[in-house]
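Worksheet: one structure, shown below.
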Amino acid sequence: MLALITGASRGIGKACALELAKEGYDIVVHCSGNIAGAEETALAVRALGRKAYMFAMDFSDPENVHNFCGGVMEHAGLPDVIVNNAGICLPAQIQDISLEDWDRLMNVNLKAVFVICRDFAPAMIERGSGSIVNVSSIWGRTGSAMESSYCASKGGLVMFSKSLAQELGPSGIRVNCVSPGCIDTDMNAGYSEEERKELEDRTPLGRFGTPGDVAKAVAFLASDKASFITGADLLVDGGFSI
Ligand code: NAD
């Protein structure tokens, strides 16, 4: 069994790679440019007795994403599980968001997911099975000041996933989302102590989540334990958005 994880060089993607390797999957470890991080993930996967295939590709250009899918098919094969985790956040006030930044964020967070699903769908449909888990965000549900492009991309990802779930369900393919809350990764390294404390206080479980917290939810949705679950958007936020 093969699982493809985008953005697996660190953070949530790396944790997903290790969790799925523990579940018995060989792993396609994708990174954008952090080769050292991807190598670390690949080594850890191999230490768990599974195969790891490494691919470096910048998803800012959709053509790259298409080439990436071709490379995966040729060198690793058709994934059983796809975890679309790669994502960026470019916080800014609306008047300061350039068209270039808007396009770059949408390309990485949303268009790359579309291209990956589009490119693998025909073979998955022919095989009659597959599980896709897309990593959205609670901010894609609630919106957030200074993050309008990020929130738009993550909200769009949920609706894209629900639509695909309806379209691909009859072919035996499940499509779900997880929406993490505040998770302890490099993406949140910019918070001050004060901001972090405020976010922890707003979280009923009183802490930031770990990448492993999200990975366990992803592994559940990917697995047969979730065999009658499709089109779901599972909150992994310690109660933040209740
Ligand atoms: P991270 O910054 O550590 O990881 C982001 C990953 O995206 C990296 O592994 C990187 O390789 C990949 N990536 C970045 N730019 C890319 C590009 N141009 N092309 C291809 N890949 C690229 O952050 P993380 O917290 O581990 O985020 C993982 C996912 O979880 C993201 O989609 C993020 O939006 C989502 N998320 C994170 C949080 C959080 O609090 N950390 C909350 C909600 C959702």
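A few notes on this one:
- Within segment 20-40, considering residues that are under 16 Å from Ile116 (Cβ atoms) and surrounded by 22 or more Cβ atoms within 10 Å (Cβ to Cβ), the one nearest to the ligand (Cβ to nearest atom): Cys31
- Cβ-Cβ under 8 Å pairs, at least 6 apart or on other chains, segment 160-173 side more than 16 Å from Arg127 (Cα to Cα), far side among the polar types (S, T, N, Q) and open to solvent by less than 20 Å² (accessible area, probe 1.4 Å): Phe160/Asn134; Ser161/Asn134; Ser161/Ser136; Ser161/Asn176; Ala165/Asn176
- Residue in segment 39-58 that is touching a His at 6+ places or on another chain (Cβ under 7 Å) and within 17 Å of Cys16 (Cα to Cα) present: yes
- Among the candidates Leu43, Leu99, Leu48, residue that is closer than 23 Å to Val178 by Cβ and more than 12 Å from the ligand (Cβ to nearest atom): Leu48
- Residue match in segment 47-55 (condition: modelled with pLDDT of 95 or more, open to solvent by 30 Å² or more (accessible area, probe 1.4 Å) and over 19 Å from Ala15 (Cβ atoms)): no
- When residues of segment 232-242 are limited to those that are closer than 18 Å to Ile173 by Cα and part of a strand (DSSP E or B), the one least open to solvent (accessible area, probe 1.4 Å): Asp233
- Residue list for segment 186-231, restricted to those being surrounded by 19 or more Cβ atoms within 10 Å (Cβ to Cβ) and small (Gly, Ala, Ser): Gly209, Ala215, Ala217, Ala219, Ala222
- Selected residue [on the phi > 0 side of the Ramachandran plot, out of contact with any Asp or Glu (no Cβ under 8 Å at 6 or more places or on another chain) and not acidic (Asp, Glu)] from Gly190, Gly231: Gly231
- Residue match in segment 153-160 (condition: loosely packed, with under 14 Cβ neighbours inside 10 Å and outside any helix (DSSP H, G or I)): no
- Of the listed requirements (1) open to solvent by less than 40 Å² (accessible area, probe 1.4 Å); (2) of a type in the set (A, V, I, L, M, F, W, C); (3) more than 15 Å from the chain's Cα centre (by Cα), Trp102 misses just one: (1).
- Condition check for Ala8: out of contact with any helix residue (DSSP H, G or I) (no Cβ under 7 Å at 6 or more places or on another chain), among the hydrophobic types (A, V, I, L, M, F, W, C), more than 14 Å from Asp119 (Cβ to Cβ) and within 16 Å of the ligand (Cβ to nearest atom): no
The values are calculated or read from the model by the stated rules, or taken from the named source; none is laboratory data. These figures come from a predicted structure and were not determined experimentally. Neighbour counts are summed over all protein chains in view; Cβ atoms, including those assigned to glycine, are modelled from backbone coordinates with ideal geometry. Ligands, DNA and RNA are stripped out before the accessible areas are found, and what is left, the full protein with its side chains, is counted by its heavy atoms. Shrake-Rupley method; radii C 1.70, N 1.55, O 1.52, S 1.80 Å.
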